[in-house]
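For reference, the structure is listed below as structure tokens.
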There are 2 protein chains.
Amino acid sequence: MKTMDDIRELAQQLRVDSIRCSTSAGSGHPTSSMSAADLMAVLLTRHFRYDWQRPDNPANDHLIFSKGHASPLLYSMFKSAGVVSDEELMTKYRRFGSVLEGHPTPALPWVDVATGSLGQGLPDGVGVALAGRYLDALPYRVWVLCGDSEMAEGSMWEALDKAAYYRLGNLTAIVDVNRLGQRGPTELGWDLEAYVKRVEGFGCRAVVVDGHDLGEIDKALGQVIDLDRPTVILARTRKGRGFSEIEDREGWHGRPLPAEMAERAIIELGGERHLTVGSPQPAAGTPRTWPASEVRLPHYEPGAKVATRLAYGQALAAIGARGDIVALDGEVGNSTHSEEFAKKYPERYFEMFIAEQQLVAAAVGLSVRGYVPFASTFAAFFTRAYDFIRMSAISNANIRLCGSHAGVEIGADGPSQMALEDLAMMRAVQGSTVLYPSDATSAAALVRQMAECTGIVYMRTTRGAYPVLYGAEESFPVGGAKCVRSSRDDQVTLVGAGVTLHNCLAAADELKRDGISARVVDMYSVKPIDTQTLLDAAVATRDRMVVVEDHYPAGGIGSAVLEALNDARHPVRVSHLAVRGLPGSGTPAELMRAAGISADHVVEAARKLLAT
Amino acid sequence: MKTMDDIRELAQQLRVDSIRCSTSAGSGHPTSSMSAADLMAVLLTRHFRYDWQRPDNPANDHLIFSKGHASPLLYSMFKSAGVVSDEELMTKYRRFGSVLEGHPTPALPWVDVATGSLGQGLPDGVGVALAGRYLDALPYRVWVLCGDSEMAEGSMWEALDKAAYYRLGNLTAIVDVNRLGQRGPTELGWDLEAYVKRVEGFGCRAVVVDGHDLGEIDKALGQVIDLDRPTVILARTRKGRGFSEIEDREGWHGRPLPAEMAERAIIELGGERHLTVGSPQPAAGTPRTWPASEVRLPHYEPGAKVATRLAYGQALAAIGARGDIVALDGEVGNSTHSEEFAKKYPERYFEMFIAEQQLVAAAVGLSVRGYVPFASTFAAFFTRAYDFIRMSAISNANIRLCGSHAGVEIGADGPSQMALEDLAMMRAVQGSTVLYPSDATSAAALVRQMAECTGIVYMRTTRGAYPVLYGAEESFPVGGAKCVRSSRDDQVTLVGAGVTLHNCLAAADELKRDGISARVVDMYSVKPIDTQTLLDAAVATRDRMVVVEDHYPAGGIGSAVLEALNDARHPVRVSHLAVRGLPGSGTPAELMRAAGISADHVVEAARKLLAT
């Protein structure tokens, strides 16, 4: 345990190093680092229980910089902990190829999640704290450094709401209220009482401190233990603290100090230091072990009508036999059918109510601790969390998302509930996997594989019940496709997925009556896509291909097919049926007909291709 | 002014009609309608100042159903106001082709915005109230009926925060606290005090009422006038109120009553009624007129280096001469350069701080009143508002979004700040326009046209300064493209937009040194796309085409080009350069090189095409 004088020295070192590394890099946020240096110096040396040599020690506390732009401060802390050298900090920060990126990412072993899009670190921290309290059953704490500007993001309030609801006494948010945002004063400035009212209104414990009084900080951080309520420390600070020329001044956000100013600042701060400090060791402890047993997937009889969303829920409940699966939902578990899991494994199910950003963030946080999260809501409502999904990819998080009620097929509820952009959105995410099963057997098989996938994995399910197409003996590798119908005489290829595969099958039957043999491809893996099956089909049917999807035309399955054939250097002109206008209410059949994606439209498109 | 007995009758009629229309449709949310029927009966008859014969009367109050699933109640109100017939309600609700959709949309003249994705109506209402208070300067009020479940959405708190910040005394949220969500109890149940604390913490006035006591409701609604603070009426209600078999019971969300139950309910509610009631007339008034003068776009000298984001800001300030332009930003106006407008027209600029959902929603609300909103933030952060953007399209809103700092070109800040999915995301939106200028002249010209566009219009701008390519005499129609280099001898086509166009030009110079003539196409309009220019180029260069973009590969410019050529029945195998891995920090040049989208890569791709 360091003395207050030691800690004061450390805080100045963190400031000096924040200035040095950002000036050296020519960019970065020194002033946003300096305001929080005292807070972090006290935390690091006295309260953050962390085994710096074993970042994978499950008993470690967690530290998340929700204000990710304060990376100079975070990396300076790493230097003071002895895990990053001064030279590295001065020569690698923000440089090409370095893990000391402009905003923190888990390329560094001491970083849990990528931050830099504000309002995400705290929601992620809620997920880690859920794991600590309800799954690991370990006494580690989750500390999140937040900016005051980001308290304007609704997601921060989703996080505090859920933190209080789940009584996450292991979570402490430290808000660096330096009153200055990027372009000027924040909404609430130094009105700490306004923050207190909000925080308490949301059911959390609020503690106001002078963020530059080490003793006050120490006392506040020491009081967060063993409470049933999350704590929010509201620290009144001054941006650029410690350098009189810029302290509490506007116009210095995100600007490194010019070299000669940096020199003056370092002198005023007492010069360079190279202290190495320890952190308290975590208490020894191992996470609770969840009993695991053999997974038995549900069996579906070919021909029976089963909705893929139901198969999702049933398969999720089945793979729950693995002890590491957790599920979350946005208050629509009786629609997505995640309730099947919730009923069987209530202790591994987290209801996130109608807060899709927190839904995804909690999944990310749970994945930090090695759990295998499945989060579900209506597919349309994952658009609410797109920034979180995008950032999850940068976090290298392994999360599984299931969106039900896709496309015009949902019927009478109308366009607000229809996912018609989700495939484009999810395909664009770096390293993502996008699945869209057409029947219950393949849905269940894919759910099982989702648990093994890395990265962001998305499954789109369908509202209505359609015939089971496959027997239990079939396999559905991610990246594959199925030729549901094929013969040596195929004249045209019909590509569908989800509900449109059934339309393709009906179309094939109709074409058959005219003596036309159609190959039908089930594109259940939209990304990665099975290029070979597409190529074979194109060659076999002389480049006559119809692609039909219950999605807007840009960026969905049609684009995926065109991209794949293009990458394979075999460009094909496909007849692309998609939802082109704004749909309204109606029956699924009426709406698919109006959108031009019905079986009749597939038949018509195929005939046109054959006529030319 | 109706008597309380009349209003009680009306409330029962609204309940009966909500039951009748949803039972007749076979789907819908009668119980969520019944809980709010008393609230709406009092509002409609005594406080909602509305000229039902003239929905375009600018002095009209506004009513937004943030809980859009209570559409049976809303449409039953329309019947009681005499603008929808009983027959229409009973035979058209949720039917194909009808404007009485499952969730309200502005296909109905009395509906301002589409709702149904929860947590959006209130943020939209903030935009309408901003228009009322600061632009129209009319005393109309904005009433928003909210569900209690949707109070879990962070966006609701972004809305209340901004409503208080902008002192929107003309805004009243009425929260129907019926304690039951879709699958069970809400987080806070009937803990009205918890809601009060939150609402007051966020700076709004909270009023608790018994939502079934007409007198209490009337008193509360009558007290909302002329305050400088928004009001939130927290109404304790019972879901399914009035029919004892289901009142306050779980399991009845989103379920119409079976016919025989509906009969019993109607009897218990006193039978069918067909009252037609009036609403108070709005005070006469016309909106403030904003002085307009001639627009003079900034002029840029070809060859000078100017960032397109700066041109955006300067052009926005220039078109501000039109009195109807308003601008908003997410606290990064000094980066997006919307501050140029803010300095010139502070009274038509709204700072939304770091709350991108509210940023977009405010734009939607302002467009309801006919203003021409431009909302800007970092392009990456529009992912935060994707659900709002998607819903804006259903609202038929006319909004303009500008996202700066696109792609790896931003450099050292790293991937959290890099928009690499935005083109896919925005292209997928129904009826959207997507623009991506490469130089200041075209950026300014396109900003001017954005003001004339309908629907969702998105412009992507670039962080760095690149040479001005075009003189003031050039025109840039939306849907067009520019051949920046072309000759009769062109052997290969290089397609770029934004920063990659400059890479294409450098590549063309390099190829020229080898005696290879390259056509360079500036694809400044990504959607709609100029298919003819692509086709001409493909034909002229014998289908040798390189497309290079600072975006992930799925759904961006590459896909747009493939889709366009496919739709034109001229499939071409394009060499597609895009960002395929996860980028880190570095200089723009380093990162573009690492991503394979530099000028050298374009040269290499072109040479490969020519060698085959």
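Brief remarks follow.
- Rh by Kirkwood over Cα pairs, then Stokes-Einstein D for region A:23-140 at 1.002 mPa s and 20 °C, µm²/s: 144
- Rounded, prolate or oblate (a/c below 1.5 giving rounded, otherwise prolate when a/b exceeds b/c) for region B:539-612 by Cα gyration tensor: oblate
- 0 to 90° range, to nearest 10: angle between helix A:71-80 axis and chain A longest Cα axis: 60
- For the pair region A:464-491 and region A:27-59, the centres of their Cα atoms are 53 angstrom apart.
- Just so you know, the Rg over Rh for region A:333-420 is 0.98, from Cα atoms, with Rh as the Kirkwood radius.
- The chain B residue nearest the rotation axis shared with chain A, using its Cβ and rounding the distance to whole Å, is B:Gly154, 1.
- Sum of -39500 (n - 2.57) over DSSP H runs of 4+, divided by residues of chain A (222 nm, nearest 500): -10500 deg cm²/dmol
- Quotient of Cα Rg and 2.2 N^0.38 Å for chain B, N being how many residues it contains: 1.08
- Nearby aspartates and glutamates by direct alpha-carbon distance to A:Lys512 (threshold 18 angstrom, same-chain neighbours under 8 apart not counted): A:Asp489, A:Asp490, A:Asp600, A:Glu604
- 7 Å along Cα→Cβ, label-point gaps from B:Glu87 to other copies, nm, shortest first: 8.9
- Cα centroid separation, region A:371-404 to region B:513-553: 35 Å.
- Inter-copy label distances for B:Pro280: 6.1 nm (label point placed 7 Å from Cα along Cα→Cβ; shortest first).
- Distance-filtered residues of region A:99-132 - backbone nitrogen under 13 Å, label point 7 angstrom along A:Arg288 Cα→Cβ: A:130-132
- For region B:480-552, fraction of C-alpha pairs farther apart than 16 Å, in %: 41
- Region B:166-236 shape via C-alpha gyration tensor axes, a/c threshold 1.5: oblate
- Rounded to 10°, Cα long-axis angle of helix B:440-450 versus longest principal axis of chain B: 30
- With R₀ set to 60 Å, the beta-carbon distance separating A:Val196 from A:Lys343 gives a calculated FRET efficiency near 0.90.
- C-alpha long axis of helix A:356-368 to longest principal axis of chain A, angle in °: 70
- Taking other residues whose beta carbon is less than 13 angstrom from the beta carbon of B:Tyr458, and scoring Lys, Arg as +1 and Asp, Glu as -1, yields +3.
- Ratio of Rg to Rh over region A:465-504 (Cα coordinates, Kirkwood Rh, two decimals): 0.96
- Remark: the B:Ala259-B:Gln53 segment gains 70.7 nm on full extension, using 0.36 nm per residue and subtracting the alpha carbon distance.
- Nm distances between copies for B:Lys344, ranked from closest, using label points 7 Å along Cα→Cβ: 6.3
- Taking a ≥ b ≥ c as the square roots of the eigenvalues of the alpha-carbon gyration tensor, the protein assembly as shown is classed rounded because a/c is under 1.5.
- Inter-site label distance for B:Arg448 and B:Lys305 at 7 Å from Cα along Cβ, in nm: 2.7
- Ratio Rg/Rh [Cα only; Rh per Kirkwood] for region A:138-202: 0.99
- Taken as Cα centroids, region A:567-611 and region A:427-460 sit 24 Å apart, rounded to the nearest whole angstrom.
- The rule of thumb for compact globular proteins, 2.2 N^0.38 Å, goes into the C-alpha radius of gyration of region A:456-604 0.99 times.
The numbers here are math on the coordinates, done by the rules we state, and not lab data. Note that the structure is predicted; figures quoted are calculated from it, not measured. Every residue, glycine among them, receives a Cβ derived from its backbone with ideal geometry; neighbour counts consider all protein chains shown.
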